[in-house]
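**Q** Take a look at this one; I'll ask things after.
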Amino acid sequence: MSPSPSPTAATAATPLLAVRGLSKSFAGFPALDGVDVTLRHGEIHALLGENGAGKSTFIKAITGVVTRDAGTVTLDGAPVAPRSADEALKAGIATVYQEVNLLPNLTVAQNLFLGRQPTRFGLVREVEMRRRSIALLRDFDLDIDVGAPLGDYSVAVQHLVAIARAVDMSARILILDEPTASLDAHEVEILFRVMRNLAGKGLGILFVTHFLDQVYAITDRITVLRNGRLVGERETAALPRMELIRMMLGRELSEAASEHPAKAATEAAPDAGGAIRFEGFGKAGYVAPFDLALASGQVVGLAGLLGSGRTETARLLFGVESADHGRLTIDGEAVRLASPRDAIRHGFGYCPEERKTEGIVAELTVRENIVLALQARRGALHPLSRREQDAIAQRFITMLDIRPPDPERPIGLLSGGNQQKALLARWLATEPRLLILDEPTRGIDVGAHAEIIRLIRQLCTEGLALVVISSELEEIVSYADRVIVMRDRRQTAVLEGEAVNVTAILQAIAADTPPLAA
Amino acid sequence: MTRYLPVIVTAAVFALGYAICALQFPAFLSTRVIANLLTDNAFLGILAVGMTFVIISGGIDLSVGSVVGFTTVFLALAIETWGIPPLAAFMLVLFVATLFGATMGALIQGFDMPPFIVTLAGMFLARGASFLLSTESIPVTAPLYSAVSDFAFRLPGGGRLSVVGMVMLAVFFAGGIALHLTRFGANVYALGGSRVSTGLMGITVGRHTAAIYALSSFLAGLSGIVFSLYTSSGYSLSAVGVELDTIAAVVIGGTLLTGGHGFMIGTFLGVLMQGLIQTYINFDGTLSSWWTKIVTGVLLFAFIAFQQATLALARRSVRGATAKGATP
Ligand SMILES: Nc1ncnc2c1ncn2[C@@H]1O[C@H](COP(=O)(O)OP(=O)(O)OP(=O)(O)O)[C@@H](O)[C@H]1O
Ligand SMILES: [Mg+2]
């Protein structure tokens, strides 16, 4: 895909990066077992595998963030053994780790240039640094105040800043561990443009993602890992998608789950009585007032670009932000929604997008994380017995295929995708009547992805009402009865029934004049 | 804007306090009182500069008071008993102190130990070492000492800006530049934000941790020299508990104990605030000097409560702004 640079005879013979026999165990449990990966000059190389396959561990073992047990890494034929991120950077390997690692308390410009600020007589040249930051972010179509603290910006912007920093520092190799997990389609396009540009200059790029469309759109070759072992290395163009999935999962993805069959014809009319109704709900300067009625069994999708107000709407619905106008009625009765605690009491659940900061408690075990919300809802006076906790944890670990299936492991040690599953389990365990999911399938592998969508559908037939925010329109279309399109923090369109299809949603997102004035 | 709020509040409270003092005792407006404020708090100020670095980096240094005590005893013995020239003795003690701090920093990083524990051990160690050297109060009679205390920069209005006062101002100035305008300073903030992230961004966390504690101990050594010059003596019980006054000054100056946020100017104001209370009590004449502690305690409490409130506010506004950077 990327234009290959004309490699000299020498570089054509020696790969840019050759990893041989890389192994790593955590407390006797092998996370990587003799993995070989070869990255060529000017190549975009996908590293794929299920959640917990060992992709992130592989990356950290190369850059020296975790020590490797065995194996060699050669860079242009010369062995390298960085012992820290710092040494890897010096060797020319820049990485964006899966947990976006930047500093919210520093400004955007400081984050971009930390450790390499332009200086004169030892003093940081702030003006010059900001000028360069603006120029750097322009490549990503990002026009923000680089003097503001990074923490003021959304996850996606923070992620883009992290990528921009790595891109700017990458001398020979750029490694991106699920960089697109919080980006929308437009931003992914921008990222791809930057990646192609770098590959054109002869850099090698190692790219981890769970979006197979992206794999086929941008990568030249693919390496697949499964359970810490190398499954194989292929040319992207010569590897059919079904074959790729089989390599990743080690089995066929069942037909029913692999594609999105038309949802069961929705006869669940928004009946007036037994429903959750938000009327004129909104908060000045946050989200414009909106109406939202949810009958049980209904799925409402929230679509829109990044920053269109989807997450903000979810936070209002769950009482994280308190609305300053409008009212909420449940089964015809007006109720107060001033805090998440109120929301939980009414049987609402909310699975946020920022799982690191708002979701998981890294030190607690998987079991404790799963029962957290259920326990909170029951109150401190009605503790769940250990046996109940074990039963619940076990049920969801099996249902969502959380790996390793050990309820007593601190959740921080799980792979990113498995943490996401545990978080979903936390809210499912409360058996809510309204569940709000923000990007529920981000960072989740193809197998589990299908599994989660199936689960969502099943829950709805059991009477759960669902609000789902997702940037994957096909996914929304596959289960939503109604899609609300948002722009500039207001609802601009509501699509129902036949109108729920990808084209219509795209049109509504792009429309200049809001088709719906109310 | 919320970033500057704590410092602005500190400045406002200080100005208000000063105005009240000046209304009651017009002499507060004289350069003499101002110069004395600087001289009397010089050793505390120098310590507070080091502490600001440590706290912003997410740590704490409980050993500084003991290092001051050790330094005064060491200097008194070196100059009076061992016959080492004062300037050489200064160099020597600064070297020892810096090494001491670097070791604490290395232990904190190397064994992943909490700074609280390591510097608490350091505190006992340094205090114990000074008792080993001598338990007496030893006067220092070197000519350099009297020369230094005689020398002063005369201000209009009769104030005398002493050498130790000037040293403190210079340390604050240099500390402010290092913290706010250098790469090292940015890394200190970064460490306070997240040690893991800082490491993954390619900053050598270990080396910086060692450097930060070395700096704090170096400044504690310098503060000890200033204390020794100021009192012209060495005593193993000097500056007991001063580490807590120092931490109080830094926190009153608006620096968050959790790290990652703070300003050097805030610490300067925090030090002056404590000095102001002490001076007021001296002027009043009837109040016990322990009132300084009580007022400091109240202020500290008020500031921490205030910081929590602004933090909560800031968090809310961050949420409101989550989508501010989107460019569809
Ligand atoms: N520090 C650690 N201690 C113990 N086990 C760990 C640690 N880090 C990772 N593991 C385990 O190693 C395995 C591989 O994890 P890794 O994070 O590399 O997966 P991944 O392929 O990146 O998955 P994902 O797609 O979910 O991000 C997992 O089973 C995980 O639980
Ligand atoms: Mg991973």
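The values are calculated or read from the model by the stated rules, or taken from the named source; none is laboratory data. Keep in mind it's a predicted model, so treat the numbers as computed, not measured. All Cβ positions, even for glycine, are placed from backbone atoms using ideal geometry, and neighbour counts span all protein chains on display. These area figures cover heavy atoms from the full protein model, side chains too; ligands, DNA and RNA do not enter into them. Shrake-Rupley method; radii C 1.70, N 1.55, O 1.52, S 1.80 Å.
**Q** So how many residues does the stretch A:278-294 have that are more than 12 Å from every other protein chain (Cβ to nearest Cβ) and either under 27 Å from A:Glu187 (Cα atoms) or at pLDDT below 85 (or both)?
**A** First, pick out the residues of the stretch A:278-294 that are more than 12 Å from every other protein chain (Cβ to nearest Cβ): A:278-282, A:288-294.
Still in the list and also either under 27 Å from A:Glu187 (Cα atoms) or at pLDDT below 85 (or both): A:288.
So the count comes out to 1.
**Q** Just need a number here: residues in the stretch A:301-342 that are among the small types (Gly, Ala, Ser), outside any strand (DSSP E or B) and open to solvent by less than 10 Å² (accessible area, probe 1.4 Å).
**A** Number of matching residues: 4.
**Q** Still on this structure, please answer the following. Could you give me the residue pairs with C-beta distances under 9 Å whose first residue belongs to the stretch B:112-141 and is in contact (Cβ under 8 Å) with a residue 24 or more places away in the chain and within 17 Å of B:Ala220 (Cβ to Cβ), whose second residue is part of a loop (DSSP other than H, G, I, E, B) and open to solvent by 80 Å² or more (accessible area, probe 1.4 Å) wherever it lies, and which are 6+ apart or on separate chains?
**A** Partner pairs satisfying both residue conditions: B:Arg127/B:Leu237; B:Arg127/B:Val240; B:Ser130/B:Tyr235; B:Ser130/B:Leu237.
**Q** Name every residue in the stretch A:406-423 that is part of a helix (DSSP H, G or I) and either within 12 Å of ligand 2 (Cβ to nearest atom) or open to solvent by 10 Å² or more (accessible area, probe 1.4 Å) (or both), in order of residue number. Talk me through it step by step, then tell me what you get.
**A** First, the residues of the stretch A:406-423 that are part of a helix (DSSP H, G or I): A:411-413, A:416-423.
Residues satisfying the conditions are A:Gly412, A:Leu413, A:Gly416, A:Gly417, A:Asn418, A:Gln419, A:Gln420.
**Q** Within the stretch A:200-248, can you find the residues that are open to solvent by 70 Å² or more (accessible area, probe 1.4 Å), more than 14 Å from ligand 1 (Cβ to nearest atom) and not in a strand (DSSP E or B)?
**A** A:Lys201, A:Asp213, A:Ala237, A:Ala238, A:Pro240, A:Arg241, A:Met242, A:Arg246
**Q** Here's a follow-up. Go through (1) touching a Pro at 6+ places or on another chain (Cβ under 8 Å); (2) open to solvent by less than 10 Å² (accessible area, probe 1.4 Å); (3) within 14 Å of another protein chain (Cβ to nearest Cβ) and name the single condition B:Tyr145 misses.
**A** Evaluating B:Tyr145 over (1) touching a Pro at 6+ places or on another chain (Cβ under 8 Å); (2) open to solvent by less than 10 Å² (accessible area, probe 1.4 Å); (3) within 14 Å of another protein chain (Cβ to nearest Cβ) leaves (3) as the failure.
**Q** Among A:Ala109, A:Ala91, A:Ala70, A:Ala85, which is away from ligand 1 (no atom under 13 Å from the Cβ) and open to solvent by 30 Å² or more (accessible area, probe 1.4 Å)? Write out each step before concluding.
**A** Values: A:Ala109 fails: open to solvent by 30 Å² or more (accessible area, probe 1.4 Å); A:Ala91 fails: open to solvent by 30 Å² or more (accessible area, probe 1.4 Å); A:Ala85 fails: open to solvent by 30 Å² or more (accessible area, probe 1.4 Å).
One residue alone meets the criteria, A:Ala70.
**Q** Still on this model: Go through the residues of the stretch A:432-445 one by one and say whether even a single one is under 25 Å from A:Phe281 (Cβ atoms), in contact (Cβ under 8 Å) with a residue 60 or more places away in the chain, surrounded by fewer than 20 Cβ atoms within 10 Å (Cβ to Cβ) and away from ligand 1 (no atom under 16 Å from the Cβ).
**A** So far as the stretch A:432-445 goes, yes, one or more of its residues are under 25 Å from A:Phe281 (Cβ atoms), in contact (Cβ under 8 Å) with a residue 60 or more places away in the chain, surrounded by fewer than 20 Cβ atoms within 10 Å (Cβ to Cβ) and away from ligand 1 (no atom under 16 Å from the Cβ).
**Q** For the stretch A:145-164: of the residues being in a loop (DSSP other than H, G, I, E, B) and at the interface with chain B (Cβ under 9 Å from one of its Cβ atoms), which is nearest to B:His261 (Cα to Cα)?
**A** A:Ala148
**Q** Out of all the residues in the stretch A:36-60, which are away from chain B (no Cβ under 14 Å) and under 25 Å from A:Asp406 (Cα atoms)?
**A** Within the stretch A:36-60, the first condition is being away from chain B (no Cβ under 14 Å), and the residues that meet it are A:36-55, A:57-58.
Selection gives A:Leu48, A:Gly49, A:Glu50, A:Asn51, A:Gly52, A:Ala53, A:Gly54, A:Lys55, A:Thr57, A:Phe58.
**Q** Conditions: (1) within 14 Å of chain A (Cβ to nearest Cβ); (2) closer than 30 Å to A:Ala88 by Cα; (3) not hydroxyl-bearing (Ser, Thr, Tyr). B:Leu215 meets all but one. Number of the miss?
**A** (1)
**Q** If we keep just the residues of the stretch B:210-251 that are of a type in the set (Val, Ile, Thr) and more than 19 Å from B:Val164 (Cα to Cα), which is most open to solvent (accessible area, probe 1.4 Å)?
**A** Within the stretch B:210-251, the first condition is being of a type in the set (Val, Ile, Thr), and the residues that meet it are B:212, B:225-226, B:231, B:240, B:242, B:246-247, B:250-251.
Keeping just the survivors that are more than 19 Å from B:Val164 (Cα to Cα) gives B:212, B:240, B:247, B:250-251.
Values: B:Ile212: 2, B:Val240: 92, B:Ile247: 23, B:Val250: 0, B:Val251: 4 Å².
Across the stretch B:210-251, the extreme among qualifying residues is B:Val240.
**Q** Let me ask another. Among the listed residues B:Val13, B:Val54, identify the single one that is over 30 Å from B:Thr103 (Cβ atoms), touching a residue at least 60 places away in the same chain (Cβ under 8 Å) and not charged (D, E, K, R). I'd like the intermediate steps shown before the answer.
**A** On the way: B:Val54 fails: over 30 Å from B:Thr103 (Cβ atoms).
After applying the criteria, what remains is B:Val13.
**Q** Given A:Leu136, A:Leu176, A:Leu142, which one is under 28 Å from A:His41 (Cα atoms) and outside any helix (DSSP H, G or I)?
**A** Matching residue, one of A:Leu136, A:Leu176, A:Leu142: A:Leu176.
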